[in-house]
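The values are calculated or read from the model by the stated rules, or taken from the named source; none is laboratory data. Keep in mind that this is a model prediction, so the values were computed, not measured. When we count neighbours, we look across all protein chains shown, and the Cβ atoms used for this are built from the backbone with ideal geometry, even at glycine. These accessible areas exclude ligands, DNA and RNA; they are computed on the full protein's heavy atoms, side chains included. Shrake-Rupley method; radii C 1.70, N 1.55, O 1.52, S 1.80 Å.
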There are 2 protein chains.
Amino acid sequence: MTYRAPVKDLMFNMQALADLPALNKIPAFADFDLDTAQAVLEECAKLCEDVIAPLNWVGDKNPSFWKDGQVFTTPGFKEAFKQFAEGGWQGLQHPDEFGGQGLPKTIGAACGEMINSANVSFALCPLLTDGAIEALLTAGSEEQKNIFIPKLVDGSWTGTMNLTEPQAGSDLAQVRTRAEPQADGTYKIFGTKIFITYGEHDMAENIVHLVLARVVGAPEGVKGISLFLVPKFMVNADGTLGARNDAHCVSIEHKMGIKASPTAVLQFGDHGGAVGTLIGEENRGLEYMFIMMNAARFGVGVQGIAVAERSYQKAASFARDRVQSRPVDGSTAAGGGAAPILHHPDVRRMLMTMRALTEGCRAMSSVAASAYDTAHHHADAAIAKQAQTFYEFLVPLVKGYSTEMSLEVTDLGVQVHGGMGFIEETGAAQHYRDAKILTIYEGTTAIQANDLVGRKTGRDGGAFARSVAGLVEATEAQLAARDSAAARSVLKRLSAARLAYLDVVDFIAANSRSNPNAAYAGSVPYLMLAGNLVAGWQLARSLMVAEDHLAAGNDAAFMSAKIATARFYAEHILSRAGGLRDAIVEGADSVTAMSLEAF
Amino acid sequence: MTYRAPVKDLMFNMQALADLPALNKIPAFADFDLDTAQAVLEECAKLCEDVIAPLNWVGDKNPSFWKDGQVFTTPGFKEAFKQFAEGGWQGLQHPDEFGGQGLPKTIGAACGEMINSANVSFALCPLLTDGAIEALLTAGSEEQKNIFIPKLVDGSWTGTMNLTEPQAGSDLAQVRTRAEPQADGTYKIFGTKIFITYGEHDMAENIVHLVLARVVGAPEGVKGISLFLVPKFMVNADGTLGARNDAHCVSIEHKMGIKASPTAVLQFGDHGGAVGTLIGEENRGLEYMFIMMNAARFGVGVQGIAVAERSYQKAASFARDRVQSRPVDGSTAAGGGAAPILHHPDVRRMLMTMRALTEGCRAMSSVAASAYDTAHHHADAAIAKQAQTFYEFLVPLVKGYSTEMSLEVTDLGVQVHGGMGFIEETGAAQHYRDAKILTIYEGTTAIQANDLVGRKTGRDGGAFARSVAGLVEATEAQLAARDSAAARSVLKRLSAARLAYLDVVDFIAANSRSNPNAAYAGSVPYLMLAGNLVAGWQLARSLMVAEDHLAAGNDAAFMSAKIATARFYAEHILSRAGGLRDAIVEGADSVTAMSLEAF
C-alpha cells in the first residue's frame, strides 16, 4: 500500500481540538457524532487507499493530453471519478436538498485531506467543483441552482473557475474578457482564459465554467467584473444536454507537477460567442468569486497537509527499510553493523520535522473547519459572528503556512531517500514537484499575506489578531498548571512565539496605512510567524489532551507519539519565531533599500 | 541573453575578500594579478553566455539517452565540450607540466561558478574530470600520471568517480566490487556501480573510471577498499587506444533534474573481468577518493551558488517586465495604474533574499578558495597549515550551506514567476528541479554535517571552530569603529549570530563523544548556523570595503547595492541564528524521543 490514511490523528483532532461533540449539538449537525465521523473517514480511507492513491504515480507518468480540442485524462481517472461520484463523495458538504450529505466541514476537510494525499491531481477536479457549487448556492438564481447544482453534486458534471488571463494573474483588475448582453437575457462571452484547472477533460458529461468577464460599458478595474455561468454543452430546460457551446480548449500546459490535472487555455467566443448566463448581479463578480476562492483557499491549504503526509509516509517507510551505516550511539552495534537509517539522529530530525509540520497544520485546519461550521450554523448570532471572524483570520494561515510547509516537508522527503530520491521512479520527487503549485494557485503566499496584513490585521488596528494571542495565552496558563517536562518546554517556546507575534502585530497595525512598504515588506514573514504560532498552539492543546489520555492508560503508543511530536514542534519549529520577528520589526527598510535599477 | 556572468561581483570578492593580490606574491601565482583574473573571467563569461548557457534548457527538453550500451548526449553538448576543451578550460587549475594553466583556485572557482550557472548538467563532466586529475596527481604512479593526466587536461578523455553500489550509498563500508590480482600486476574488476555521473557518453574518446573495489582477501569495512583506474578503452604504452574494456553502461537513470547529465549504471567484469590498475597502495582507496571528493564537494557548493545566481537573474528579469497590480505605496499611481511587480515589497523581499544568499555564499566560497591556494603554495609552513585547517573547516559549509540555500533560492525563483513559474517552458522550474541533487550527491548535507561535527569540531574540542568566531569578532571590532546605520545594524546581527554559534560549538564539543545522539541531532542545524555566520561575516567585510569605495566615489551603483545586500543579509538571514541555537542546544532530546515504532 502506498498510502495509509491517518484516520486516528484526524479523529483525535476532531474530538480534542475541533470539538465535534459540540458541533453535534447544533441541529444542522445532529446526525454527525464521533461514531459517524469515524465511519465516514474509514469509508473514505478505503476508497483513497485502494482506488485513488494507486493512480498518483500513473498520472505523473501518463499526464493528461490534448488532441484536437479534447483532453484525455490519465488511464483509470475516469473510472475512479465514477466510483468517487457514485459513493456520494462530491456531495459530502453540500445541502441535502440538492442531493448532498450536509456533513460539517470539520469532517469534510478530513476526507479532503485523504483524497488529496491519495492524488492531488485527481482531487483538484472535485475541489473546483465544490467551489462552483458554493458560488451557485450563494449567488445563483433558482433556475441555475436547480439545474446545475444536483448534477455537480452527483458528479455527472464538474465545475471550473475562470479568472486568469495572460495579463491578469494576481491582478484581476486587468480582466478583459467581454460579455455582450443579448435580447434573451443571456450574454455572449469573448476572451481567453488561462490556467483553467480541469477546464477540459473526459471524466464528466458536461463542464460548468464560472467565468469572470466585463459587461460592455462596465466600469474599469475590479468594480466592473461580473460572473457568468458558461457550460461546455448548453443545457435544456429539462436538464438534458443541448448544443456544444463556443468555449473551447486550445491547449493544455506542460507543468512541473500535478501533471495528470489538465491546465487548460480556454477560448471563449471564437465562433460567434459563448453563451453565458449572469450569476447574481452585474459588477459583483469578484465578490462571488471570492466565495469560491475562499473555499478553494482552505482546500489548497489542506492539499499542502495532504502532500506533506504522503511524503512523510514514504520517507518514514524508506528510513525503516534502508540499511546504511552504524548508528553514532552504537545502538545496533551488538552485531557491530549497519542499521536502518531511522537510527541516525539526522534522519530522525528530518522525519520529526516533517511529522511535526504536518500534524501542526492538520490541527490548525481542523480548528478552522470547526470555526466555519460554527459560523454557518450556530444558533447564537454573536458566537457565529465571532467564529466567522476567526475562520477568516485562519484562512490565509491555512493556505499560506500549510503550503509553504509542504515545500519544506517534500524537500526533506526527497532528502531522506538520498540519491534514490532524485530518481523519478522512487516517487518522492513527484511530491516535491507537485507541492510547488500549492504556494502559487488560488492566490500566492504573498496574496494570502496581503489579505492577512490588510483585511485581517490592519483594518481593525490589529485588535482581532491580538485577541488570538489572548487565546494562546489561555493555553499557556493551562500548560503552566502541569509539571511535565514536555509541558514546561512547550510553554517556554509558545510564550516566546506569542510575544514575538504580538510585536509583529503591533508593527503591522502601526504601519499598514502610514508606511505600507514597511508593513508589506514583512507580510509573508508575518504570515509564517502567525501560522507557526497557531499550529504550535494547537499542538500544545493536543499535548495536554494526550498527557491526560496517557495518564488514563488510553492508547499509550499514539499519545506518547503525539506528546513527542508536539514537543519537537515547539523546540524546533516555534523556535523560528524570534528570527522572523527581528526581520519584520527591525529589518523592514532593508527590503526596499536597494534601487530598482540594481536588480 | 539568458545568463550574464556576474564578473564584477566575482572580481570584487577576489580583491576585497580573497586577497588575490596577496596570492599573487606567492611565486606559484606570480602570473596571476587582478588584471589577468579579469581577463580570464571575461573570456570565460563569453563562452558561458554564448555557447554553454543556451544549451541548458535544450538539455532539459532533450536529456541524454541510452541505446544498446551507448549514451547519446543532448544535441550541441559534444560541440560545446570541444570548444570548452580547446579553450583550455579543463586545465585551468592543473599543473603546467601536464598541459594545465596552473591558475589559483581563487580564479578557477569563479570560472567554475559561471560554467555551472550556464549549465549544471554540462559542467558536471569537467567537474568529475577535475576530481580524477586531482586523485591521479596525488596517488597515481608516474606512468598513470604521464599517460592519463595530459589527455584529461586537454579534454580528449574525461574522468568519473565510481563509489556507489546499490547497497553502498553514504556507507562505503558496504562496497562489494571485487578486484582480483593478475600475474601481470593488473587487476580484474567485477561488480556493479550506480549513480555514475557521465559514466558513459559520446563527448570524448575515452572515459577514465576511478573505481572503489575490494581486493580479494582484503579486510572488511572501509579499511579494505582500494582505488583502481579502469579505462573504457585500454590504453597502449604509447597512449593510443586499445581494446574495449569490460566496463559497460547497462542503463541510465530517469531523474528529476540535471537531465542532460547521464547518470549511469556501470557493470564491470560481466565478460571476463574489467582490467584495472591500482592507484597508490592497496587498501588506501578511501583516502585517495576523499581527495577527489573534497575537490568535488567544494565544486558542488559552487554549483549551488551558480544555480542560485541563474535563478535570481531569471526572476529579477521577470519582475522588471511583468506588470501586475498597483504598488501599495502608490509609487506609480501618477497614472493610477499597475506597475512592474518589482515595485511590490514582497517581490523585493524575495529577490533580496535570493541575492543576499547567493552573494553571501559566493563570498564564503571565494575566501575558502583563497585558503586552499595559500595552503598549497605558501612558503611559510605555519601559514600554509593554518590555511589548510581553515579550508577544511569551510568545505562542509560551502558544500552544505550553499546547496541548501540554493533550494530556498530556486523555490523563490519559481514563486516570483507566479503561475508562469510552474510551466516548464518558462525555465524557472528547471532550476528548482536541478538544484535538488546538490544537497544529495558528493555527500548529503547530513554527511557534510557529520564531517563538521566529528572531524572539524569534536576532534579538537571545538578549538578551531572557536577560533573562527574570533576572526568574526575582529570584523565586529572594525564595524564598531564605523558610524553608518548599515554597519551598526550588521554589527548587531553578526554579534548575536556569533554568540549563538559559540553556544552551539560548546554544546557540540561537549557532546560529540559522551552523548553523540545529542550532538548529531543538531548536526545539520549547526552546519546551517555556521554557514550562515561565515557567509554573513564575509558580507560584513564586503560592506566595509564597499562603504570605503563609495566614500571615495568609486562605482557608486555597485557599492550601494553591495551595502544594501549585506545589510539585508544581516537583518533577514543572520537573524535566523538564534532559533537554530535554541533548537540545537535546548531541543536535542526531542529529536530522538519518539519510539522507532511510532514513525
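With only Cα atoms counted, chain B has Rg and Dmax values of 24.3, 87 Å.
Take each peptide in A:156-163, B:264-271, B:117-124, count the other Cβ atoms within 10 Å of every residue, and average; sorted highest first, the result is B:117-124, A:156-163, B:264-271. Label-point spacing at A:Glu86 relative to the other copies reads 6.7 nm, in ascending order, each point sitting 7 Å out from Cα along Cα→Cβ. Both numbers refer to the Cα atoms of the range A:7-153; Rg and Dmax are 16.5, 54 Å. With the simple model of a label 7 Å out from the Cα in the direction of the Cβ, A:Lys78 to A:Ala557 spans 4.3 nm.
Taking the centroid of alpha carbons for each part, the range A:457-504 and the range A:43-106 are 40 Å apart. Database remark: amide H of A:Arg284 closer than 5 angstrom to the amide H of A:Leu227 (H placed geometrically; neighbours at sequence offset of 5 or more, or on other chains; Pro and chain starts carry no H).
A simple rule links phi to the HN-Hα coupling: the Karplus curve 6.51 cos²θ - 1.76 cosθ + 1.60 with θ = phi - 60°, which for the range A:175-184 gives 4, 10, 4, 10, 10, 10, x, 10, 4, 7 Hz, with x for Gly and Pro.
Per residue, the accessible area of the range B:7-153 comes to 38 Å² when a 1.4 Å probe rolls over the protein heavy atoms. Give the relative contact order (percent, whole number) for the range B:444-591; include only Cα pairs under 8 Å separated by 6+ residues. Relative contact order of the range B:444-591: 31 percent.
Working note: Cα atoms of the range B:444-591, range along each principal axis, descending, whole Å: 55, 25, 25. Rounded to the nearest 10 degrees, the inclination of helix A:120-139 to the longest alpha-carbon principal axis of chain A is 60 degrees. Between B:Glu143 and A:Val7, the simple label model (points 7 Å from Cα in the Cβ direction) yields a spacing of 7.0 nm. Seen against the Cα atoms of chain B and their longest principal axis, helix B:285-321 is set at about 40 degrees.
In the range B:168-182, the residues whose accessible area drops by at least 50 square angstrom when the other protein chains are added to the isolated chain are B:Asp171; the probe is 1.4 Å and only protein heavy atoms count. Inter-chain neighbour count for B:570-579: the average number of beta-carbon atoms from partner chains within 10 Å of each residue's beta-carbon is 6. The alpha carbon centroids of the range A:341-395 and the range A:200-234 are separated by 33 Å. Each other copy places its own label point for B:Ala22 at 6.5 nm from this one, sorted shortest first, where the point lies 7 Å along the Cα-to-beta carbon line.
Think of the range B:7-153 as a dipole: +1 on every Lys or Arg Cβ, -1 on every Asp or Glu Cβ, centred on the Cα centre; then among B:Phe72, B:Leu41, B:Ser141, B:Phe72 lies furthest on the positive end.
Here the protein assembly as shown exposes an accessible surface that is 52 percent carbon and sulfur, computed with a 1.4 Å probe and the other protein chains kept in place. Label zone (A:Leu471, point 7 Å along Cα-to-C-beta; backbone nitrogen cut-off 14 Å) within the range A:355-370: A:363-370.
Please check chain A for the longest run free of GluC sites (Glu not before Pro) that are loop-located per DSSP (anything but H, G, I, E, B) and have at most 14 other Cβ atoms within 10 Å. That would be A:282-599.
Cα-based values for the range A:515-599, radius of gyration first and Dmax second, are 19.0, 65 Å.
Other protein chain C-beta atoms within 10 Å of residue C-beta, averaged over A:509-522: 3.
Sorted from closest to farthest, the other copies place their A:His271 label points 5.9 nm away, with each point set 7 Å from Cα along Cα→Cβ. R0 = 56 Å: FRET efficiency of B:Asp506 with A:Glu42, Cβ-based, nearest 0.05? It comes to 0.65.
The mean sequence distance of close C-alpha pairs (under 8 Å, at least 6 residues apart), as a share of the length of chain B, puts its relative contact order at 13 percent. The relative contact order of the range A:367-469 comes to 22 percent, based on Cα pairs under 8 Å that sit 6 or more residues apart. Across the protein assembly as shown, how large is the tail of the calculated P(r) beyond 58 Å, expressed as a percent of all Cα pairs? Beyond 58 Å sits 14 percent of the P(r) for the protein assembly as shown. Return the calculated 222 nm mean residue ellipticity for chain A, to the nearest 500 deg cm²/dmol, obtained by summing -39500 (n - 2.57) across DSSP H runs with n ≥ 4 and dividing by the residue count. Dividing the helical sum by the residues of chain A leaves -18000 deg cm²/dmol.
Compared with the dominant Cα axis of chain A, that is its longest principal axis, helix A:577-586 is turned about 60°. Put simply, chains A and B cover up around 7500 Å² of each other's accessible surface, both sides summed, when a 1.4 Å probe is used. Beta bridges per DSSP, both residues in the protein assembly as shown: antiparallel share near 80 percent. Across peptide B:316-324, the mean count of Cβ atoms from other chains lying within 10 Å of each residue's own Cβ comes to 2.
Here the range A:240-351 was treated as a single set of alpha-carbon atoms; its pair distances binned every 5 Å from 0 give 2, 9, 9, 10, 12, 11, 9, 7, 6, 6, 6, 5, 4, 3, 2, 0 percent.
A simple spin-label model places pseudo-atoms 7 Å from Cα toward Cβ; at A:Asp483 and A:Phe65 they are separated by 7.0 nm.
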